Structure formats: C-alpha cells, structure tokens
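The values are calculated or read from the model by the stated rules, or taken from the named source; none is laboratory data. Computed from a prediction, not measured in an experiment: that's the story for all the values here. FYI the Cβ positions are ideal-geometry reconstructions off the backbone, even for glycines, and counts take in every protein chain you see. Protein only, heavy atoms only, side chains kept; ligands, DNA and RNA dropped before computing areas. Shrake-Rupley method; radii C 1.70, N 1.55, O 1.52, S 1.80 Å.
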Number of protein chains: 2
Amino acid sequence: MRIALLGGTGDIGEGLALRWAYDTPHEVLIGSRDPDRARQKAEEYETELDSRGVDVKINGFDNAMAADRADIVVLAVPPYHVADTIDSVASKLDDADVLVSPATGMKRDDDGFHYHPPSAGSVTQLVADSAPDDVPVIGAFHNLAAGRLADLDAELDIDVLLVGDDPDAKETVRMLTEGIEGLRALDAGGIANAAEVESVTPLLVNVAMNNDGLHDLGVRFE
Amino acid sequence: MRIALLGGTGDIGEGLALRWAYDTPHEVLIGSRDPDRARQKAEEYETELDSRGVDVKINGFDNAMAADRADIVVLAVPPYHVADTIDSVASKLDDADVLVSPATGMKRDDDGFHYHPPSAGSVTQLVADSAPDDVPVIGAFHNLAAGRLADLDAELDIDVLLVGDDPDAKETVRMLTEGIEGLRALDAGGIANAAEVESVTPLLVNVAMNNDGLHDLGVRFE
C-alpha cells in the first residue's frame, strides 16, 4: 500500500516512516506544508535506511499531493493543525482511503501532563468531524514514543490501540500496525472510546518523569 | 502493618485482602457498613487461605472500627460511596494513617466504558477533598481486575500506578504494593495526575470487550 505521512517531517512521522520503510514493503510518502522540507526529510530517511542496507525510495510532496497519491493518510501533525491539514487535503480523499489520527491533546502544569481534548471530546473525534463524510477514520499510534520509534535499534514490544467505526478500515490499520516488528494492534472499540486511548499519552510521560530509569515508555495490555 | 479494607466485602477488597494475607505478613482487617457481613467475608477469606496452607486471622468490623485499628485504610467502595464512607470514619483517622483510593468513575453506553470523574476532577481528588486535612491520600490499585486479583492461582506481572502528594505515604503504599507478588509500583506523580490513571480502567474494559482471548487485563509500562 501507499502510506502518506502528513507532517511526516515531525518526530512521530519520522518514526512511522522509518519503521514502515524498514519492516514492510509498503511505499512511504512524506507530506509537509513545505514540499522542499518534505523532500529533504525523505532523503534523510533514505540515507538512514541505506546505512542499514535497505534501499528504498521515499518521496516528499506537499500534503495535498502526498494525500492524493496514497491509500492511507496519517495525520502526523499537532492536534491544533489537524483541522486545517484535513481542509488542505479533503478534495484528495475518498471512501477508498483511510485517514489515521495519531495525535492527542495535552497540557502541562507543575504536576505533569494532562489530557486536554478538543471540544469534540477527542482528537480522533475532531478528525472524524473534520473529514469528508465518506472517508473512514481510525485513531491509532497515539501512545508511541517518537524517539523510540525512530531508533531502529530500539525494540518495541508494545501495543497500539485502535479506535474506529469502520471495520474494514480498522483491519487495514491493524495489518499496517502489525507489519512493524514489535507492535501488537488491539481494538479499543469505536471512536467514542478515543478519549481513554488518547489519555494514555500524558500518563506515559508522567510515569517516565517520576520513575528513574524509565523513558520513552509504551504500554502493554496483559 | 495493619491494613483496613473498607468495603472489603466487595470484589476489589476481596482481591487485595487475599493477596496481602497470602503474600505478606501484614494484618488484614475487613470493614463493611454491616459488621456481620464483614465477619462473614473475613471467615470466607480465612477458609480460602487455609485451603492453601496459610493460617492467618482476618477480622471483620464495621468500617469505623476497622479504620480505627488500622495504619492503612483502603477505600474499596464504589465512587458514589467514597464521600459518605470517609465521613463515617473521619474521626478515626489521623496523620499517622494513610488513606488509599482505588476507585474510578465510569459510565457505560453502547460503545463501551468511559471515564466519568466526579466534579472534583478525579475520584482520588474527591477523596483528598473529603478526608481530614492532615490525613495523606494516595491513589492506587485503580487498574487491577478484581477477579484476577482474587484468584491466587492467577499471575499478575502488571503495574500499579501511584498518585499522591505525600512522599512518605507514597513510599508506604509502594512497599505494600510490591509485597504482592507480580505487582510493580510506578509513581505517576501528584493527585493532580489522577484522572489519567483512573481513565485506564475503562480502557482496560474496552480492550477486553473488543479482543478475543483478552480478559481481566492489567497494564504494563515498558
């Protein structure tokens, strides 16, 4: 499949791009508001993969062109850019695509990080509200530490929680998830259940902040 | 130490009572609004432990008498009984005690379970607001599946997240937690971080509901 990572120049986009390009035969496209930046980062990813003996082509485009060419469109942008990023690519999406939302809303205070969803109730719900009606939306990859994901020497052995209301789209994202070595996909139900999934991200940061020796945490359901 | 499980006749109280009595030298007291019920359940727990070769005395009392005799008071009651249970035992608590809150607020709809905190922001915060000012409060044990905990043949190998603002009290609860075989205590920060911890409980239920073969889940940070 062809996977477009919109905001693929950022840290979570980098991690997903490298892992999919390294572990799977899927074609990875990097999207950015700035196509030069997208091409530059795509080249960096190619160089990193080449240094590990993996010869793949990763192309960079502006977000709309990346979305247009892809089957799977991952919104690897901060939560406050989700709505305008969808607006900029909406005409390129149709019911054969899957829109994937990995973002979560957090605020920080003196105590730590807290879940801070948009008024829609969750970022995934905001994506579903902002996307064209016929485009299926799946929430996934919220709880992955970007640095660990981008370090291809780092073992994962953690779970990815999926939320979504379209079973076929969810199955596609499950397959894409489990294509990455060390990730297990678990179904957390419909998009109405996204807030509890997105809340895990600030919790992971708080636990890492408060326990010596723990960092870049993921979660495993056992 | 002496640990009072208020609401210790319920399922999470039963699990903690059995595990502490089985795995540690701590003395377990069962509290209930109905002291006869507390004594009856305490006898059942003794019988279960005796069948496994562990000869311990577990006493049952009304909640106030259990709290009065204990160093650690666990509010193993539903969230809507937290405030009135604290009221009923407040005069028996002092700054040498530790009040432990394992409850979480959930509501269910067609999609699954959702975190539904009280207006205080979290159940742990409600406990802190309701407790006498000098009594330290620690949130813990929110994310343990009661049935798995009460089954002494079940392996745990999962994490318990602690929140609290009193370091000594948190250290006491950490020690009590890790006295139970297979539980690792992790510090999730202050009580202000409790909502993200309590939110994990409905998530565990949703994941168990949506994935064949998974049930009585716990969480592990890796």
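For the reader, a short list of remarks on this structure follows.
- Positions within the range B:182-194 being in a helix (DSSP H, G or I) and more than 7 Å from chain A (Cβ to nearest Cβ), in sequence order: B:I191, B:A194
- Criterion: more than 11 Å from chain A (Cβ to nearest Cβ), surrounded by fewer than 18 Cβ atoms within 10 Å (Cβ to Cβ) and out of contact with any Asp or Glu (no Cβ under 7 Å at 6 or more places or on another chain) - qualifying residue of B:A169, B:A154: B:A154
- Exclusive hit being modelled with pLDDT under 95 and more than 20 Å from A:R33 (Cβ to Cβ), set A:D151, A:D134, A:D129, A:D111: A:D111
- Scope the range A:94-124; condition over 22 Å from A:G10 (Cα atoms), hydrophobic (A, V, I, L, M, F, W, C) and in contact with a helix residue (DSSP H, G or I) (Cβ under 8 Å, 6 or more places away or on another chain); matching residues: A:A120
- When the residues of the range B:212-222 are filtered to those that are open to solvent by 60 Å² or more (accessible area, probe 1.4 Å) and touching a Leu at 6+ places or on another chain (Cβ under 9 Å), the one that is nearest to the other protein chains (Cβ to nearest Cβ) is B:E222.
Yes/no per residue for (1) away from every other protein chain (no Cβ under 14 Å); (2) closer than 23 Å to A:A169 by Cα:
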site	(1), (2)
A:N63	yes, yes
A:D71	yes, yes
A:D95	yes, yes
A:L99	yes, yes
A:T104	no, yes
A:R108	no, no
A:G112	no, no
A:S122	no, yes
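- Residue count for the range A:93-149, restricted to those that are free of Cβ contacts under 8 Å to residues at least 60 places away in the same chain, buried (at least 19 other Cβ atoms within 10 Å of the Cβ) and in a helix (DSSP H, G or I): 3.
- Condition check for A:D168: more than 18 Å from the chain's Cα centre (by Cα), among the acidic types (D, E) and at pLDDT 95 or above: yes
- Unique residue being at positive phi and in contact with a Gly (Cβ under 7 Å, 6 or more places away or on another chain) when the list is A:G112, A:G53: A:G112
- Filter result (at the interface with chain A (Cβ under 7 Å from one of its Cβ atoms) and out of contact with any strand residue (DSSP E or B) (no Cβ under 7 Å at 6 or more places or on another chain)) within the range B:196-211: B:L203
- Evaluation of B:T177 against (1) more than 7 Å from chain A (Cβ to nearest Cβ); (2) open to solvent by less than 40 Å² (accessible area, probe 1.4 Å); (3) farther than 20 Å from B:Y22 by Cβ; (4) of a type outside the set (K, R) (one fails), failing number: (3)
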